[in-house]
Amino acid sequence: MTDPGATTAHQPAAPVPSPTENTANPAPGVIDGEARKDHSRTKPDEDLAETQPPHGHKREDGIVSVHCLVLWLGCIGLVVLSSGVFYRCRHYTDWFVDELFAVVRNADARGETPLKEVLSNDFWGNRLHFEEGQGWTHKSYRPLTILSYAAQIKWGWGWGGNTGVPDARPLRLFNCVLHTSNSLLVLALQVVVCGVPPLLAAASSGLFAAHPVHTENIVYLVGRADALATFFYLAGALAYFGMQKGGAKRHTTRSTEATSLIVAVACSILAGLSKETGFTLPVFLAACEMILFPPSLWRCSGLLASFLCLFKLRSALVGGTQVGFSPVDTPIPYESSRLTRWLSYMNLHRIYFGLMVLPWNLCWDYSYDSVPMVTSITDPRCIQTLLVYALLFSGGVYGLLAIRWPQRHVPQLVRCLIHPLRGCSGGSQGQQPLLDNTISAEEKPTEDTSSASAADEDVSSEREGSTVPASPAEEEAVEEHADVSKGTTVDQAAARDVFGGEENGENGENGKDGRARPTPGAQLLMGLSFIIVPFMPASNVFFTVGTVIGERLLYPSTVGWSLVLSAIGGLLWGPGEARSAGCRRGRRVAVLAAYMAFLLLLGGWYVWRSAVRVEQWSSRASLFVADARVNPRSAKVLHMYAATLHSSGRYDEALRWYNESLAIFDDNALTDYAVIQIYLVQNRFRDAYERFQKVLGGHFNGFGNFNRWLLLIDFGFTLIVLERYAEGIPVISEGLSLMSEAAYAQNALAYAHYKTGSLDKALDAILHAIRLESGNWVVWNNAAVVAATGGRIDYGMSCLQQAAERCGGTSAADSRGQAVLAHNARLMQQQQQQQSQGIAGGVGGAGYRFELFYPQTH
């Protein structure tokens, strides 16, 4: 379409058809049954307009195509570069917390179990179904994520040389690439579905790409589940909207609708098998049906019914939604007051909102007592929570008012709800409220539009009879009136000039298919839906979540935050005569430029904060030190910081921080057990025994059937060291029946049998220990002692020789070992001489040194 201001005074006006004239072929000013006066062109001008490129650019030797290509490459490059802040983690080799359980120690993730078994286990490799009291499951069913780990490891993408241990670096690189792909899908969703101008879409998508809370989804391998689910979520939304749009151009049929529904359900299944939030895709699409398209009962019913079926099937597969989490991980459900529970849960929503908008303080864990309970409605945090809810609700209402539905498609319920708000949305007298932007494809021009066109006609008529050139002010008035008469404002033209994309005003008009294309109001509602719907499984509204706050859970919701930011930009220049009347191009361009500057500043801060957070994740020590500063009231964070000191041999410092954690939550058996381990390493066996009495008299928080063997083995070990063999042997034997791969425990059991004279049992246990740790001189020495005590001197000398070969170092431990071996070798030679002289030695009476050992870390 040519510029309205470019018409000349001598052009004739379009002929007005008489009432008797056949209207089957409408005049040039009548398009799709909607009467529109156009005084700016003739029929030849229309033909010329069809050959002109969109957005007011002139086609000159392919310059427009080159400019568009450069624009798109720049937008894609901006998004990719924004996600590049996370790629530093591809060099990180440490394993963090739950990665050990989800990947390193999970046979499913290592590709060592058949597919059928993978589909029968939860995310951590535990059986979903078991006899009561025989196991425990988290009920986090994510086989597609597990298979992604297994594919990398089994096909050689995740192995660290020939060590047999997975390498974390390629696994993290995959997460980086996955996140970049998601960022580009967000860009496509905004441009293709929402019609956001490319530069604005690139800026807001870049904010998603650089969002600091995504650090957990990229560096922390457990967070891959959320990113993978979001990938299928976005792919399903793009496919569904694309099929709906394509079907509308070809007059949508039932088969097209059915195909789009099948595609949506398939993507929802893939997303849900990656993370539970993926099953909410049909709910999100049903919400968008009400926002973007003429409401279809058939499509909405199909989407909601598919969601209910998927939810029921998933719930039946995992055995419901109730899981017995510990009070350390989820303290709120253990509160006796229902009011306290609900106020505390709502307070978590406030914290999540803050992390989504401006994530200043980030932490790996928010367990007890990171977020104190809200026990009363007088707590100031309740006001902040209500403000968050009010902000989301007002955004939804504003978006609802700004939607440009065809009048015949506005739901009656919506009309009843928003009709009283007309006065609030209109402004001064003579201005049209946003609600009146709803139009009908059949209705004729409104009075305001007709008057605007009439004004253009009057001005043009005056120009025809005058030789005086028009003043700049008059030309600007003519241009503005002409733009309004065609449903296009000067502000939207300014938006085109600034952003280089299709203005939302055109998208807001109703096309031939009768649907309401996404206006900024629709984009706002769509963004809010993308924030709320995927977050519902993590909201604790319907069932208890296994964490207080999980930053990685916000991954899909930040897509909605990106859509909201682009919608706000669209609302600054979006359609609506009430907002744009009287505005001038310079002022609108300034507003748009200021908003773009704000997005760039926010994006720069996101990049900086993400870079700092990625650096903190470079090692376990740096992560837990940083998180202990941010969250000094988290019992779990302090425990993990102490565990880092523990693993590095700084036992006294570790004891201090373990006790700090217990000062916050004293009933955590895992922390007490860590203290016991240090006591055993330091040979403080009496202190270890007393701490065991506390653990055994408590609630075993942190222990279950899957790790109870740790307590049994170490408690039995302590009893044996304290020479309480009758008590220690059955305890340690029970522990070894649950987990037999503990060499130090097999060695301790052999020691107890040796001391009680059961040499055969002692030899069996020590040989088992040798099979587990054949490179340990202690077990070879003890095998020699048991054999020699039983009179098998030759076998004992052979075992002693094996021990000597493994104890040839110069460390203090090796020096001590060499002294033990020399002592036992001397006694063995004496016993051999006695046997040659016919003198028999008593059992254990030769003075051999049987050594116990306890691993520094295990």
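Report, in whole Å, the centroid distance computed from the Cα atoms of the range 357-377 and the range 764-840.
Centre-to-centre (Cα) distance: 57 Å.
Test of understanding: what is the full-extension gain from SER774 to ALA611, defined as 0.36 nm times their sequence separation minus their Cα-Cα distance?
54.2 nm
On a full-extension model of 0.36 nm per residue, what is the gain between SER65 and LYS755, subtracting their alpha-carbon distance, rounded to one decimal in nm?
Computed gain between SER65 and LYS755 is 239.5 nm.
Could you calculate the contour length gain from ASN705 to CYS309, that is, 0.36 nm times the residue separation minus the distance between their Cα atoms, to one decimal place in nm?
Net length gain for the segment: 139.3 nm.
Mean separation of Cα pairs under 8 Å and 6+ residues apart, divided by the residue count of the range 625-783: what relative contact order is that in percent?
12 percent
For labels at LYS116 and TYR795 in the simple 7 Å Cα→Cβ model, what's the distance in nm?
Once both label points are built, they end up 4.2 nm from each other.
Using a Förster distance of 35 Å, how high is the FRET efficiency between ARG650 and ALA822, based on the Cβ-Cβ distance and rounded to 0.05?
With a Förster radius of 35 Å, E is 0.60.
Run the quick spin-label model on TRP72 and TRP342: label points 7 Å from Cα toward the beta carbon, then report their separation in nm to one decimal.
If labels sit at TRP72 and TRP342, their model points lie 5.2 nm apart.
How large are Rg and Dmax for the range 638-728 when calculated on the C-alpha trace, in angstrom?
Cα-based Rg and Dmax for the range 638-728 come out at 12.8, 38 Å.
At a Förster distance of 41 Å, what's the computed FRET efficiency of CYS382 paired with ASP167, Cβ-Cβ distance as r, to 0.05?
After rounding to 0.05, the efficiency reads 0.30.
Under a crude label model (7 Å from the Cα following the beta-carbon direction), how far is ARG254 from ARG686 in nanometres?
Simple spin-label model gives 8.6 nm for this pair.
Once the principal axes of the Cα atoms of the range 699-757 are found, what is the range along each, listed largest first in whole angstroms?
The principal-axis extents, from largest down, are 36, 22, 14 Å.
P(r) for the range 259-384, please, calculated from all Cα pair distances in 5 Å bins and given in %.
The percentages, shortest bin first, are 2, 9, 14, 13, 13, 15, 15, 12, 6, 1, 0.
Using modelled amide H (1.01 Å from N, peptide plane; none on Pro or chain starts), what sits under 5 Å from the amide H of SER634, excluding residues fewer than 5 places away?
ASP369
Which whole-Hz ³J(HN,Hα) couplings does the range 682-692 yield from phi under the Karplus relation 6.51 cos²θ - 1.76 cosθ + 1.60, θ = phi - 60°, glycine and proline marked x?
Rounded to whole hertz, the list is 8, 6, 9, 5, 5, 4, 5, 4, 5, 5, 4.
Which of ARG771, ARG552, ARG350 comes first, and how do the rest follow, when ranked by fewest Cβ neighbours within 10 Å?
Ranking ARG771, ARG552, ARG350 by Cβ neighbours within 10 Å, fewest first, gives ARG771, ARG350, ARG552.
At 20 °C and a viscosity of 1.002 mPa s, what translational diffusion coefficient does Stokes-Einstein give for the range 785-831, taking Rh as the Kirkwood radius over Cα pairs? Give it in µm²/s as a whole number.
198 µm²/s
To the nearest 0.05, what FRET efficiency results for ARG105 and SER733 with a Förster distance of 22 Å applied to their C-beta separation?
Between ARG105 and SER733 the formula returns 0.35.
Quick one, what does Rg over Rh come out to for the range 625-783 if you take C-alpha atoms and the Kirkwood Rh?
For the range 625-783, the value is 1.02.
Each value in this text was obtained by applying a stated rule to the coordinates, not by laboratory testing. Small disclaimer: the values here were computed from a predicted structure and weren't measured. No Cβ is skipped: glycine too gets one built from the backbone with ideal geometry, and neighbour counts run over all protein chains shown.
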